[in-house]
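Student: Here it is, the structure, as structure tokens.
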Amino acid sequence: MSSRDHETCILAIESSCDETAAAVVLDGRRVAANVIASQHELHETYGGVVPEIASRAHLERISPVVNRALTDAGIGLDRLDAVAAGIRPGLIGSLLVGVSLAKALAWSRGLPFLGVDHVESHLLAGLLDHPEPPWPAVGLVASGGHTSLYELSDPLESRLLGATIDDAAGEAFDKAGAMLKLPYPGGPRLDRLAEQSGEAPEIELPVSLMKRDSLDFSFSGVKTAMLYAIRGTPRREAGRTVFDRNAEDLDARQVAVLATSFRHAVVKALIRKTHRALELTGARTLLTGGGVLANRLLRRELEELTRTLGVQLRLPAMDYCMDNAAMLGVTAHERLIRGERDPLHTTALPTAKRTR
Ligand code: KG4
Ligand code: ZN
């Protein structure tokens with residue numbers, strides 16, 4: 001970038017879970033660099049994210065990742081207007097790595113620091129690289145930790161419409177993957193298996209739809225149904241729960257049918273409630289975000305739903321669905337142009353802003 005052709009140039013840093021990421025975002029919409037270092041291989045043997053391993057890996061990777069983002073964008077620190085970091089929710093030891101670096105950089109360069117919300121930012125990922133949509137919008141976030149619907153009157157004003165009362169959709173996918181003995185994380189593996197096998201969803205797994213007008217989700221029932229479909233209905237024997245089968249007894253076709261049926265059930269619940277939220281609010285835009293939005297069936301079904309309703313769909317590119325820093329740059333830009341900034345004593349928080 002030889003001349004200044006933008007209003008804001010923000011360096012954003014993400015370290016809330018098991019991705020170390022940095023991005024340079026112009027005007028909160030154009031991505032000049034987006035670097036993501038995943039730690040999945042470090043956690044695979046444990047079947048889930050180990051917080052101590054995650055924070056140590058963030059410490060090792062954060063400086064090279066930030067340097068790479070600045071190099072990719074072709075800028076030095078002197079070109080930045082602000083430094084942002086995801087401040088909540090997440091693993092506290094991991095969040096602190098990104099937040100501390102962002103605050104140190106902001107302080108050393110005399111720049112504004114912005115600590116932004118990770119879940120809100122997932123929703124705004126769909127604004128990247130696209131023209132501005134009409135507001136108000138409905139927002140669907142589906143990730144490993146959250147599954148919620150919002151109504152947004154503008155990028156920063158959101159009202160919670162509904163949320164999961166138990167597992168998040170991504171968590172349910174990961175647990176179903178583990179039941180089928182697929183490697184961690186189960187969500188993308190189960191999706192790939194269902195996609196490649198071409199099997200039909202032969203087994204009708206129950207989808208809890210709560211009350212008709214409720215915009216809440218529940219995925220614990222479909223998870224239990226999946227367990228029984230894999231291992232048979234359990235019996236009590238001498239005070240113990242006994243199953244007839246193990247996942248290892250299934251052949252490849254049975255595994256593919258179960259993966260397809262599970263994906264179908266979860267996607268159906270997400271689509272039904274999103275449809276209802278669009279009907280109830282009359283919104284003409286659907287913003288979406290979070291790792292589960294990488295699911296290919298969900299993407300197809302959302303495209304179909306919004307085409308039928310004449311609603312504009314903002315479906316983030318795959319790299320902006322998973323945890324990434326570019327999405328944080330959108331939220332930080334919106335706050336910065338409204339004159340907002342956060343004091344350097346602001347610290348990371350493990351909890352989400354709005355839970356049930
Ligand atoms: O947004 P994200 O990267 O991290 C959180 O903020 O949680 O989401 C990760 C979640 C995991 O549960 C992962 O299994 C799920 O998103 N996921 C998928 C797919 N890709 C990632 N779930 C279903 N289908 C996929 N293709
Ligand atoms: Zn996330």
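The values are calculated or read from the model by the stated rules, or taken from the named source; none is laboratory data. No experiment lies behind these values; they were computed from the predicted model shown. In this analysis, Cβ positions are derived from the backbone assuming ideal geometry, glycine residues included, and neighbour counts consider all displayed protein chains. Keep in mind that these areas ignore ligands, DNA and RNA; they rest on the heavy atoms of the full protein, side chains included. Shrake-Rupley method; radii C 1.70, N 1.55, O 1.52, S 1.80 Å.
Student: Of the conditions (1) within 16 Å of ligand 1 (Cβ to nearest atom); (2) touching a Leu at 6+ places or on another chain (Cβ under 9 Å), Glu279 satisfies every one except a single condition; which number is it?
Tutor: (1)
Student: Something else: Could you please tell me which pairs satisfy a Cβ distance under 9 Å, a separation of 6+ or placement on different chains, a first residue in segment 73-85 that is closer than 21 Å to Leu344 by Cα, and a second residue that is of a type in the set (S, T, N, Q) and open to solvent by 40 Å² or more (accessible area, probe 1.4 Å)?
Tutor: Close Cβ pairs satisfying both conditions: Leu77/Ser108; Ala85/Ser100.
Student: Have a look at Leu128, Leu124, Leu209 and point out the one that is among the aliphatic types (A, V, I, L, M) and either out of contact with any helix residue (DSSP H, G or I) (no Cβ under 7 Å at 6 or more places or on another chain) or away from ligand 2 (no atom under 16 Å from the Cβ) (or both).
Tutor: That would be Leu209, the only listed residue that is among the aliphatic types (A, V, I, L, M) and either out of contact with any helix residue (DSSP H, G or I) (no Cβ under 7 Å at 6 or more places or on another chain) or away from ligand 2 (no atom under 16 Å from the Cβ) (or both).
Student: If Asp72 passes every condition in (1) touching a strand residue (DSSP E or B) at 6+ places or on another chain (Cβ under 8 Å); (2) open to solvent by less than 20 Å² (accessible area, probe 1.4 Å) but one, which one does it miss?
Tutor: All conditions are met except number (2).
Student: Filter segment 149-173 for residues that are more than 19 Å from Phe262 (Cα to Cα), open to solvent by less than 20 Å² (accessible area, probe 1.4 Å) and out of contact with any Gly (no Cβ under 7 Å at 6 or more places or on another chain) and give the result.
Tutor: Pro155, Gly162, Ala163
Student: Asp323 - would you say it is within 15 Å of ligand 1 (Cβ to nearest atom) and either in a loop (DSSP other than H, G, I, E, B) or crowded, with 18+ Cβ neighbours inside 10 Å (or both)?
Tutor: yes
Student: As an exercise: evaluate Ala32 against (1) under 19 Å from the mean Cα position of the chain (by Cα); (2) over 16 Å from Leu124 (Cα atoms) and give the number of the one condition it does not meet.
Tutor: Every listed condition holds for Ala32 apart from (1).
Student: Within segment 131-146, restricting attention to residues that are buried (at least 23 other Cβ atoms within 10 Å of the Cβ) and over 11 Å from the mean Cα position of the chain (by Cα), which residue is nearest to ligand 2 (Cβ to nearest atom)?
Tutor: Gly139
Condition check ((1) in contact (Cβ under 8 Å) with a residue 24 or more places away in the chain; (2) not assigned by TED's automatic domain parsing to the domain that holds Gly291) across all residues:
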site: Ser121; (1), (2): yes, yes
site: Leu140; (1), (2): yes, no
site: Thr147; (1), (2): yes, no
site: Leu152; (1), (2): yes, no
site: Arg159; (1), (2): no, no
site: Gly198; (1), (2): no, no
site: Pro201; (1), (2): yes, no
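Student: Considering only residues that are under 12 Å from Ala137 (Cα atoms) and buried (at least 23 other Cβ atoms within 10 Å of the Cβ), which ones fall in segment 254-282?
Tutor: Of everything in segment 254-282, just one residue is under 12 Å from Ala137 (Cα atoms) and buried (at least 23 other Cβ atoms within 10 Å of the Cβ), namely Thr274.
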